[in-house]
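Here the structure is laid out as structure tokens; the discussion comes afterwards.
No value in this document is a laboratory result; all are computed from the given coordinates. What you are looking at is a predicted structure, and each value in this text was computed from that prediction instead of being measured. Reconstructed Cβ throughout: ideal geometry from the backbone, glycine too, with neighbour counts over all protein chains shown.
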Amino acid sequence: MHEFSLCRSIASTVAQHAAGREVEVVRVRIGHFRQVVPDTLAYCWELQVRDTPLAGARLEVDHVPAVIVCRDCGASTTLDMPVRSCGACGGVNTDLVSGEEFLVESIDVASPAAADRAAT
């Protein structure tokens, strides 16, 4: 279950950039070729952030499809399976243009006023 180690990496990155501020939402982009199971990722996120300053932060995942472009015919193909062959001509002379992403795209932190109200 590599989702737990992915969540550990996400949480570490978020904690560094949040710099002690309350985090409300974490948005990540994960490519199809990363083979992440969405329900497992969500479960692992909850386990990873429980009893930490990130507890309660919502994880939003943008799943990026795997797309190739054929060098021979120029066609673009969205892949369902990890077979990099052109959907138009069947060629394998292709370039992967998306699907390997794994990045923290943005972090929403609580406004100072909201944090002050929560503390009182």
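Overview of results
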| item | result |
| --- | --- |
| Fully extended contour minus Cα-Cα distance, from residue 105 to residue 19, at 0.36 nm per residue | 29.3 nm |
| Kyte-Doolittle at least -1.0, axis length at least 15 Å by Cα - qualifying DSSP helices, the chain | 3-18, 38-49 |
| Additional length obtainable on full extension of the chain from residue 96 to residue 69, 0.36 nm per residue less Cα span | 9.1 nm |
| Relative contact order of the chain, defined on C-alpha pairs under 8 angstrom at six or more residues apart (%) | 34 |
| Calculated P(r) of the chain - Cα pairs past 18 Å, % | 58 |
| Among beta bridges that DSSP assigns inside the chain, antiparallel share in %, nearest 5 | 70 |
| Residue 88 versus residue 27: modelled label distance in nm, points set 7 Å from Cα along the beta carbon direction | 3.1 |
